[in-house]
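What follows is a set of notes on a single structure, which appears directly below.
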Amino acid sequence: MTRMLGVALGATLILATAAAAHGPSRLKTEMSVTLDATPDEVWEVIGRFDDMSWHPAVASTEMTPEGAPADIPDESTRILHLQAESGDPTMTEQLIQIDPENRMYKYMITEVAVEVLPVTNYSSSLQVKDKDGKAELVWKGGYYRGFPNNDPPENLNDAAAEAAVAGVYQAGLDALAERFGTVE
């Protein structure tokens, strides 16, 4: 009996230690807007991986290496130069999948400073769906906070990561809503 109690206590301690040592959980953000335009009209604006000019936070987009294709998964890589008062903050993203027929592409961030966007292991998709002839843009992503260990600083915790990603998505959706109008 004592031995069984000892084994049970040991197992409990191991599980408690493992639970306390567990790092961050994967976070998810999904936002959408229904625009007063056809799905094809919206896809024409957002569907090119080499052109993020529709997003107000992006100053310019360049493919790397120069002249690289913009539509080949795992080969198409873009560098986003972001709007900033000083410096040249950038984000490097790689195309994972593109499906023009379904007006969708998926990408992942391969390089970004956590001071620019406090996330790690970020992947996302943009899709334009047909909603009764109007365009429903769905932007969703999965990621981890910018600090991979326990007890993150406030600027790299889950809340900071979620707020930053939501801010990026909302700015893009707002810009497209201003451009096309929305459907209630």
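The values are calculated or read from the model by the stated rules, or taken from the named source; none is laboratory data. Please read all numbers here as calculations on a predicted model, not as lab measurements. A quick note on method: Cβ atoms are made from the backbone with ideal geometry, for glycine too, and the neighbour counts reach across all protein chains shown. Note: areas computed on protein heavy atoms with side chains; ligands, DNA, RNA excluded. Shrake-Rupley method; radii C 1.70, N 1.55, O 1.52, S 1.80 Å.
See the values below:
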read-out: Residues whose placed amide H lies under 5 Å from that of SER60, excluding near-sequence neighbours; value: HIS81
read-out: Restricting region 33-83 to chymotrypsin sites (Phe, Trp or Tyr not before Pro) in coil, as DSSP defines it, with at most 15 other Cβ within 10 Å; value: TRP54
read-out: Inter-label distance for MET63 and GLU154, nm, one decimal - labels placed 7 Å from Cα along Cα-to-Cβ; value: 4.4 nm
read-out: Acute angle (nearest 10 degrees) that the helix 2-21 long axis makes with the longest principal axis of the chain, alpha-carbon atoms; value: 30 degrees
read-out: FRET efficiency for ILE79 and GLU178, using Cβ-Cβ distance with R0 set to 22 Å, rounded to 0.05; value: 0.30
read-out: From phi via Karplus (6.51, -1.76, 1.60), per-residue ³J(HN,Hα) for region 87-96 in Hz, x at Gly/Pro; value: x, 9, x, 10, 9, 10, 10, 10, 6, 9
read-out: Relative contact order for the chain, counting Cα pairs under 8 Å that sit 6 or more residues apart, in percent; value: 26 percent
read-out: Vicinal HN-Hα couplings computed from phi for region 45-50 (Karplus, 6.51 cos²θ - 1.76 cosθ + 1.60; Hz; Gly/Pro x); value: 7, 9, x, 9, 5, 8
read-out: Within the accessible area of region 93-184 (1.4 Å probe), percent carbon and sulfur; value: 44 percent
read-out: Inverse of mean 1/r across different Cα pairs in the chain, Kirkwood, Å; value: 18.4 Å
read-out: 0 to 90° range, to nearest 10: angle between helix 158-180 axis and the chain longest Cα axis; value: 20 degrees
read-out: Computed label-point distance, nm, for sites SER53 and GLN170 using a 7 Å Cα→Cβ extension; value: 2.8 nm
read-out: The chain - accessible surface per residue (Å², probe 1.4 Å); value: 57 Å²
